[in-house]
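Nothing in this text is a laboratory measurement; each read-out follows from the coordinates by a stated rule. Please read all numbers here as calculations on a predicted model, not as lab measurements. Neighbour counts run over all protein chains shown; Cβ positions are idealised from the backbone, glycine included.
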Amino acid sequence: MAQYDLIILGGGPAGITAGIYASRKKLKTLLITKEFLGQVGLSWRIENYPGFPKINGRDLLKLFHNHLVQNEITIQNYEEVIKIEKLKVGFKLKTKEKEYNSLAIIIATGAELKRLNIKNEERFIGKGISYCLTCDEKAFENKKVAVIGGGNTGAEAAISLLKFASEIYLLEYLDHLTCDEILKEEIENQSRIQIITNAEVLSFEGDGELKKIVYQERKTKKIHEIETAGCFIQIGVMPNTEFVKGFIDLNEKREIMSNLKTMETSHKGIFVAGDVCDFPFKQIVVAVGQGASAALSAYSYIKELNN
Amino acid sequence: MTEKVKIKIYSSPDCSYCYVVKDYLSHQGIGFEEIDLYEQPEKRQEMEEISKQKNIPVLIINDEIIIGWKKEKIDEALKKYGTI
Ligand SMILES: Cc1cc2nc3c(=O)[nH]c(=O)nc-3n(C[C@H](O)[C@H](O)[C@H](O)COP(=O)(O)OP(=O)(O)OC[C@H]3O[C@@H](n4cnc5c(N)ncnc54)[C@H](O)[C@@H]3O)c2cc1C
């Protein structure tokens, strides 16, 4: 079985940065990822990553990936990690296909888009409901479309849909949009985007295809319906931590608890970076910074272990 | 056996999951026919009829239809037809 100094889990901004830093420290490093995509690959408009005033996520990820592969690092793409076990020295890591050993680990498995888990959501996936704007927005040319979620992702989805949809409803559970002010301003200036706050979406209705969204106005408790052919659900993310449940300490949001100075987890020798950790701000620039910190901490840890 | 496998993907240039599916097939050394719905919008209806839904990517491996990026389902279908 191959033995590494460090294994990095995840091929998003956090994992890739950790990989660049670790290989420059000459650690024998393996990066395992389910795919090079992550959330960053789903972003269609990034305007807050320094040096790139406007770039789409896939292009940015490609640049990150090109930088990574210029370094001495082993990459296992298309493998999913399912278990970590503690050994006398170091760890054994299991994927669906293989096993690997290492002295230290960095977990950078990010997060997955959340579902609403309400009536008929499953039934209308592909029949009006989508979670992937870049994949499916064009299917709604000249149609009415709704976006659920008034955070940055939802707000940007609503703006992007202006290219195709005739009218856009932006539904938010709270009494205000939570996106950046600059996006809020852009949305409020668009007559084709209608903002509906205090909306608790209850169900999706239709026959073969989605026709209506039913929601309750949370203050008045009145039930409303909106007619729509499409709906993009953008209500946030869930950390990818299933494979470490019971092994590493998680908080109530199932994020990995970390020492933000060292990025170490509750398990000595296991570090964490990016959206999967308990730091409240989930951004590319944050993930990148934490990836670097985790790799440098892992390097100190391994050096100490070897002495 | 392998030469009988017909693989087709309905995709678009903006679609992130389409890239992953295509890259995965290439990673496995498997060729495929690509139908870009931006270049051939008239094929959207065909795609919707075959897959009975609207989302992409739609991957067709002989008569197996796989919607979205689902590695395990793709592997299953490729194994079934002896491609991997
Ligand atoms: C639609 C959208 C728009 C966004 N827009 C912006 C923006 O404009 N600006 C900004 O700063 N941030 C934005 N974000 C947030 C940003 O994308 C994330 O903060 C960032 O991608 C986090 O990076 P990460 O490396 O921690 O995780 P991710 O990008 O989620 O990457 C995680 C990686 O881990 C892999 N993985 C997961 N589980 C396993 C496993 N078990 N085994 C192996 N590999 C695994 C995945 O395949 C993936 O490669 C956006 C997010 C979304 C969803």
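Points worth noting:
- Residues A:Thr241, A:Thr109, A:Thr265, ranked from the fewest to the most other C-beta atoms within 10 Å, line up as A:Thr241, A:Thr265, A:Thr109.
- Estimated dipole of the protein assembly as shown in Debye, rounded to 20 [Cβ of Lys and Arg +1, of Asp and Glu -1, Cα centre]: 1100 debye
- Overall form of the range A:129-233 per C-alpha gyration tensor (a/c, 1.5; a/b vs b/c): oblate
- Summarising the overall dimensions of the range B:7-80 from its C-alpha atoms, the Rg and Dmax are 11.3, 32 angstrom.
- Reported value for the range A:216-307: 152 Å³ per residue, from the convex hull of its C-alpha atoms.
- P(r) of the protein assembly as shown over all Cα-Cα pairs, binned every 20 Å from zero, in whole percent: 26, 54, 19, 0
- No Cys partner within the rule (Cβ under 4.7 Å), chain A: A:Cys179, A:Cys231, A:Cys277
- Toward the positive end of the charge dipole of the protein assembly as shown, with +1 on the Cβ of Lys and Arg and -1 on the Cβ of Asp and Glu, the farthest Cα among A:Gln39, A:Asn259, A:Ile182 is that of A:Asn259.
- Between A:Asp175 and A:Val69, the FRET efficiency estimated from the beta carbon spacing at R0 = 45 angstrom works out to 0.45.
- Trypsin sites (Lys or Arg not before Pro) lying in DSSP loop within chain B, provided at most 16 other Cβ fall within 10 Å: B:Lys6, B:Lys52, B:Lys70
- Taking the number of Cβ atoms within 10 Å of each Cβ as an exposure proxy, the fewest-first ranking of A:Met238, A:Met1, B:Met47, A:Met263 is A:Met1, A:Met238, B:Met47, A:Met263.
- For the range A:53-101, the dipole from Cβ point charges (+1 on Lys and Arg, -1 on Asp and Glu) about the Cα centre works out to 180 debye, to the nearest 20.
- ³J(HN,Hα), Karplus 6.51/-1.76/1.60, whole Hz, each residue of the range A:15-28, x for Gly, Pro: x, 5, 5, 4, x, 5, 5, 5, 5, 6, 8, 6, 6, 6
- Shape class of the range A:226-266 from the Cα gyration tensor (axes a ≥ b ≥ c, square roots of the eigenvalues): prolate, since a/c reaches 1.5 or more and a/b is larger than b/c.
- Around the amide H of A:Ile195, modelled in the peptide plane, lie the amide H atoms of A:Leu170, all under 5 Å away and 5 or more residues distant in sequence or on another chain.
- Ordering A:Ala294, A:Leu87, A:Ile75 by the projection of their Cα atoms onto the charge dipole of the protein assembly as shown, which places +1 on the Cβ of Lys and Arg and -1 on the Cβ of Asp and Glu, puts A:Leu87 at the extreme positive end.
- Coil-residue chymotrypsin sites (Phe, Trp or Tyr not before Pro) of chain B, DSSP, other Cβ within 10 Å capped at 15: B:Tyr38
- Across the range A:174-238, the relative contact order, built from alpha-carbon pairs under 8 Å that are at least six residues apart, equals 21 percent.
- The range A:1-72: C-alpha gyration tensor shape, a/c 1.5 cut-off, then a/b vs b/c: prolate
- Alpha-carbon centroids, the range B:7-51 and the range A:204-220: separation in whole Å: 31 Å
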